[in-house]
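Input: a single structure, listed below in structure tokens.
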């Protein structure tokens, strides 16, 4: 085997890594898409271009915190298309599965 520790870590984390697969596809595509991460990186680069250098590491951290806080405020108000509809479908399906599992447990 090549990289046994890496493979072991992946095998342990696999349920968590694949947890998004239980979501309806339209929601799933938002979750596994890297578009949001790419957008954040692009915004940080744009903001950092305006500042050529920082006097010390602490000031750079504060500036980065300010950028991310401002972005967080903008993203809080943003709504994903049809999110409420698909999320309600997901919750209904989850509720059905929970009831079904309870009934099976009681029967056995």
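Computed from the coordinates by the stated procedures, all read-outs in this text should not be read as laboratory data. From a predicted model like this one, the values you see are computed outputs, not experimental measurements. All Cβ positions, glycine included, derive from the backbone under ideal geometry; neighbour counts span all protein chains shown.
In table form, for the structure just shown:
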item: Within a Gaussian network of the chain (alpha carbon springs, distance under 10 Å), most fluctuating of 97, 82, 56; result: 56
item: Folded to 0 to 90 degrees: helix 4-17 orientation relative to the chain principal axis, Cα; result: 70
item: Distance between modelled label sites at residue 43 and residue 31, nm, 7 Å Cα→Cβ extension; result: 2.3
item: Cα-based helix-to-principal-axis angle, 35-50 vs the chain, degrees rounded to 10; result: 10
item: The chain - mean residue ellipticity at 222 nm from DSSP helices (-39,500 (n - 2.57) per run, n ≥ 4, rounded to 500); result: -25500 deg cm²/dmol
item: Distance cut-off 15 Å, percentage of C-alpha pairs in the chain lying past it; result: 78
item: Helix 83-107 vs. the chain, principal-axis angle (Cα, 0 to 90°, nearest 10); result: 40
item: Sorted by Cβ density within 10 Å, fewest first, the residues 25, 75; result: 25, 75
